[in-house]
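Heads up: the structure comes next, in structure tokens.
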Amino acid sequence: MKHRFIKIPSAISENLCKSFGRFCSSMLMSNDSSKAAFVHVLLFLLASNLGVSAAQMKTVDDFRAAATKANAVLTIPDWEQTPEAVEAAMKNAIAKANASLDRIGAQDPSRVTFRSTVVALDGVTYEANLAANRATIIKETNTNPAMRTAAENAVKAFEDWAVGVDYREDVYKAIKAFADTRPKLSGEDEKLLKETLRDYRRAGLELPPDQRKEVEEFRKELSKLGTDFDTNIVKSNAPVMFSKADLDGLPESFFASPGIKTGDDVYTVMANVTWQFNTVQENAKSEVTRKQLYLIRETLAKDKNVPVLNQMLDLRNKIALRLGYKSWDDYQTEVKMARTGTNAEKYINDLVTGIQPKFGSEVAELQKLKAACTNDPNAKIMVWDWRYYSNQLNKQKYAVDKEALRAYFPFQKVFDGMFNIYQSIFGLKFEKIVAPYKWIDDLQLYLVTDSATGEPLGMFYLDMFPREGKFNHFAQFVIISGKLLPNGKYQRPTVALLCNFPPANGDAPSLMTHQDVETLFHEFGHALHSIVTRAKYGRFAGTNVPGDFVEAPSQMLQNWVWDKKVLDTFAADYRDPVQKNSRRNREEAQRRKAGKRRRALSAAVRVRFTRSCSARSTSRRNAIRFRCDIEPDLGKSLFAD
Ligand SMILES: [Zn+2]
């Protein structure tokens, strides 16, 4: 109940609801008749509250005047609501973009300008991307499978078209004609021209026509396969049935979560649902259970995706070689800060070497714990073990129980706390506004303003809980990117956070783990990175930065959740919000270093594996088998001795 109340928008109703939340829990313990009376009072208050908040909640129109003053444009996406509309929107966007490309290509080469070529091309891809971004959100979030399928097809159509844009000979000639004038550009303009020309080279435009055609076909095929790969994972449901004994060690709250108990002593865990998987990995005493769930999760969509991945690796290798690169990793890293595959490999190896001594001693500690727990002096830490023994170690050594800590991180409190921190660090103000269209009831829309000047900076949607058919990780999606429009106004961004935090459970609100809180701070960091942009061109706006830089701002910002002072501002037991979690916050901060090293090494191993897939085409099939069938052996070699 409380959870639902505190979601009611507007500051006034939130305050009312918080005080009633406390009242509520004590009343619910009293007798039935007073419960019934209380519920009536509550419903009345809720109804009147809703009336007040709906009337009081601002809309985007309330910010139009401030936007005009700041020469900015705010846009709530015009969401397609039928499969036909999704298909038509993409068709129209592509037709419109093609007409614009025709105009760029039809110019007299002697009269081309920066604006009529390079800037115009940035504008064309920006416009078409708006339709593609909406389709992507629909594909990942819509509750109607027909909508998701239509959106998936629209995304594929867009990707196919987008690859084709690089091969518009007429457009390339116009751009080249402008580049040949050796223009004196600087800053973002110079970067735009340079990178546009680099794109053409990387697409094969400098190759003879037959080879260019081949690269085009390979790239189109690769982009389709990439979409298939992701879709296969999103579509895979992996229910695994356990008895209560199999799941010994898990908290009672897990068994009581919606959808878990599915029969007489039958508990269904979805291996593809991250929070369910993590809860089992961290708490299940049975190694058989942990191993079974781990293998199922790590091989999601394996039958479909192994052939897809093989084809992708083959195509990547062909593209790289055709374009004159030594390997796909050189091709990929050319546009990143690493610049070459060798640099990337060195970076990872240095990281692994540097972290190894500490990592080794920590694994030895986990191993000792496993040996003691299993009465097997030779027990080794396997890849499905480390979360469990790490959790045990935290409980024993630091007296930190991750499950018990959830009570200190109720969803809305965490959000409010995070908002306060980000608002004060960046001098921003977040206000919940009316979302004219919602794909789910609890979708929220916020508007961000610069608190000093009142300038509206952009908007973000929050879609926070898992459901059937939804994107199953945590990510920020750009819907409308920032850009200086041809009319001189600045288009402010609109983005969405799609997350999968554990849902509310009965009377208890959604309770997050500390790791969930860190994830939230991280993803929200991406949202702000997108929203506060001032880049002139869509190509460079917000998170459109080199792939090996894009995580840096979020990785820095997520560190706030390891600061005791920061945690003290919002972490408090939801059953008794007055009591701060001070001691626990300190212990959680102590635990930090150990966990961080284990995660860093595991990330490095994954990156190294990815490189081995892309770099060595001859061994790629073995590499895939390694990933999909015997990755647990990675644990054996990594964690043993
Ligand atoms: Zn990230």
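So the values come out like this:
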| item | result |
| --- | --- |
| Hits in the stretch 491-503 (condition: modelled with pLDDT of 95 or more, surrounded by fewer than 22 Cβ atoms within 10 Å (Cβ to Cβ) and more than 16 Å from the ligand (Cβ to nearest atom)) | Gln491 |
| Members of the stretch 285-302 found to be modelled with pLDDT under 95 and of a type in the set (Asp, Glu), listed by number | Glu298 |
| Cβ-Cβ under 9 Å pairs, at least 6 apart or on other chains, the stretch 543-554 side free of Cβ contacts under 8 Å to residues at least 40 places away in the same chain, far side of a type in the set (Phe, Trp, Tyr) and within 12 Å of the ligand (Cβ to nearest atom) | Ser554/Phe521; Ser554/Phe524 |
| Check on Lys176, modelled with pLDDT of 95 or more, surrounded by 15 or more Cβ atoms within 10 Å (Cβ to Cβ) and basic (Lys, Arg) | yes |
| Pairs, first over 18 Å from Leu101 (Cα atoms) in the stretch 174-202, second surrounded by 13 or more Cβ atoms within 10 Å (Cβ to Cβ) and of a type outside the set (A, V, I, L, M), C-beta under 6 Å, six or more apart | Glu188/Lys536 |
| Any chance Lys318 is modelled with pLDDT of 95 or more and loosely packed, with under 15 Cβ neighbours inside 10 Å | no |
| Any hit, the stretch 163-170, residues being open to solvent by less than 20 Å² (accessible area, probe 1.4 Å) and at pLDDT 95 or above | no |
| Whichever residue in the stretch 542-570 is part of a helix (DSSP H, G or I) and among the aromatic types (Phe, Trp, Tyr) and, among such residues, is farthest from the ligand (Cβ to nearest atom) | Trp562 |
| Count of the stretch 519-541 residues which are within 11 Å of the ligand (Cβ to nearest atom), closer than 20 Å to Leu74 by Cβ and hydrophobic (A, V, I, L, M, F, W, C) | 2 |
| Tally of residues being more than 16 Å from the ligand (Cβ to nearest atom), on the phi < 0 side of the Ramachandran plot and at pLDDT below 95 across the stretch 466-484 | 4 |
| Selection from the stretch 504-516 of residues that are within 15 Å of the ligand (Cβ to nearest atom) and not polar (S, T, N, Q) | Asp516 |
| Output for the stretch 507-537, where each listed residue is over 22 Å from Thr449 (Cβ atoms) and of a type in the set (Gly, Ala, Ser) | Ala508, Ser510 |
| Subset of the stretch 475-534 [part of a helix (DSSP H, G or I) and of a type outside the set (A, V, I, L, M, F, W, C)] | His514, Gln515, Asp516, Glu518, Thr519, His522, Glu523, Gly525, His526, His529, Ser530 |
| All positions within the stretch 91-122 that are closer than 18 Å to Asp199 by Cβ and either at pLDDT below 95 or of a type outside the set (S, T, N, Q) (or both) | Ala97, Leu101, Ile104, Gly105, Val112, Phe114, Val118, Val119, Ala120, Leu121, Asp122 |
| Condition broken by Leu46, with the remaining ones in (1) at pLDDT below 95; (2) part of a loop (DSSP other than H, G, I, E, B) satisfied | (2) |
| Any hit, the stretch 340-363, residues being modelled with pLDDT of 95 or more and basic (Lys, Arg) | yes |
| Residue in the stretch 456-465 that is of a type in the set (Phe, Trp, Tyr) and within 19 Å of Gln558 (Cα to Cα) present | yes |
| Pair list, Cβ < 7 Å and 6+ apart or interchain, from the stretch 268-282 residues that are within 21 Å of Gln392 (Cβ to Cβ) to residues that are assigned to a strand (DSSP E or B) | Val269/Val240; Val269/Phe242; Gln276/Val269; Gln276/Met270; Val280/Val269 |
| Test set (1) among the β-branched types (Val, Ile, Thr); (2) open to solvent by 10 Å² or more (accessible area, probe 1.4 Å); (3) touching a Gly at 6+ places or on another chain (Cβ under 7 Å) - Val448 fails condition number | (2) |
| Members of the stretch 518-562 that are among the polar types (S, T, N, Q) and over 23 Å from Val124 (Cα atoms) | Thr519, Ser554, Gln555, Gln558, Asn559 |
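The values are calculated or read from the model by the stated rules, or taken from the named source; none is laboratory data. These figures come from a predicted structure and were not determined experimentally. Cβ atoms come from the backbone with ideal geometry, glycine included; neighbour counts cover every protein chain shown. Heads up: the accessible areas ignore ligands, DNA and RNA and are worked out on the full protein's heavy atoms, side chains in. Shrake-Rupley method; radii C 1.70, N 1.55, O 1.52, S 1.80 Å.
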